[in-house]
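The values are calculated or read from the model by the stated rules, or taken from the named source; none is laboratory data. Keep in mind it's a predicted model, so treat the numbers as computed, not measured. Every residue, glycine as well, gets a Cβ built from its backbone with ideal geometry; the counts of neighbours run over all protein chains shown.
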Amino acid sequence: NAGVIQTPRHKVTGKGQEATLWCEPISGHSAVFWYRQTIVQGLEFLTYFRNQAPIDDSGMPKERFSAQMPNQSHSTLKIQSTQPQDSAVYLCASSLEDWGVEQYFGPGTRLTVL
Amino acid sequence: LAKTTQPPSMEAYEGQEVNVSCSHTNIATSEYIYWYRQVPHQGPQFIIQGYKDYVVNEVASLFISADRKLSTLSLPWVSLRDAAVYYCIVTDMSNNAGAKLTFGGGTRLTVRP
């Protein structure tokens, strides 16, 4: 079991560019979560899919951020027109149960926006 | 208003037992208590969960006060590998609302050799 896989591990973009982050959940897990971690804000929930359907995106910034789960084997988080304040570690997690009691986190993607 | 309150930091020596406290004075009857920990450059890792009384697994034990307003995570015989930030999370399990984890500041545990 390779665990949750996130690619790339590090990404550097220029201000205004687009960034796409990838997550491969653990096989068989039905729920996928995205979080963001910064020194200032800590760990924040962004969005959540269950059986590929979006369930809760209450933590997603209303503009420029979008997440998709086109199939059960991967999810993407896309940030358009990146800004320096988007710099953070983006964490993906998956859980076996629909309600996500025990979430397994990936190592994260560190996004740096110059 | 934060759901949980933890000491920001703790220190211990290898081999000691460490007790990390968490206050959740407004916990609702539908809410459960979860503990995660995060070591540098990794995502958080689930440790243990509980609703009331006492829970134990191979990694840690969790004591929850009778009124459920206080929980204590106990780590026996800590090693350098236990140095991490420990997060106490209270979340509602009704109607699948518990899926979203809300992390507070956590407790940074430093372990000295």
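Assorted remarks:
- Residue in the range B:95-104 that is in a strand (DSSP E or B) and touching a residue at least 60 places away in the same chain (Cβ under 8 Å) present: no
- Flag for B:Ala12 being away from chain A (no Cβ under 14 Å), farther than 20 Å from A:Leu43 by Cα and over 12 Å from the mean Cα position of the chain (by Cα): yes
- Considering the range A:66-114, the residues that are among the hydrophobic types (A, V, I, L, M, F, W, C), free of Cβ contacts under 8 Å to residues at least 60 places away in the same chain and closer than 16 Å to A:Leu46 by Cβ include one that is nearest to the other protein chains (Cβ to nearest Cβ), namely A:Val89.
- Checking each residue in the range A:48-65 for being buried (at least 18 other Cβ atoms within 10 Å of the Cβ), closer than 23 Å to B:Gly104 by Cα and more than 9 Å from every other protein chain (Cβ to nearest Cβ) picks out A:Phe49, A:Met60.
Matching residues to (1) among the small types (Gly, Ala, Ser); (2) within 21 Å of B:Tyr87 (Cβ to Cβ):
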residue: A:Ala19; (1), (2): yes, no
residue: A:Val32; (1), (2): no, yes
residue: A:Asn51; (1), (2): no, no
residue: A:Phe65; (1), (2): no, no
residue: A:Leu77; (1), (2): no, no
residue: A:Gln85; (1), (2): no, no
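- Failed item, numbered, when B:Leu80 is tested on (1) modelled with pLDDT under 95; (2) out of contact with any His (no Cβ under 8 Å at 6 or more places or on another chain): (1)
- Residues that are modelled with pLDDT of 95 or more, buried (at least 19 other Cβ atoms within 10 Å of the Cβ) and not hydrophobic (A, V, I, L, M, F, W, C) are absent from the range B:46-66 altogether.
- Filter result for B:Arg112 (in contact (Cβ under 8 Å) with a residue 40 or more places away in the chain, within 13 Å of another protein chain (Cβ to nearest Cβ) and either loosely packed, with under 14 Cβ neighbours inside 10 Å or closer than 30 Å to A:Arg9 by Cα (or both)): no
- Residue check, B:Tyr32 touching a residue at least 24 places away in the same chain (Cβ under 8 Å) and within 14 Å of chain A (Cβ to nearest Cβ): yes
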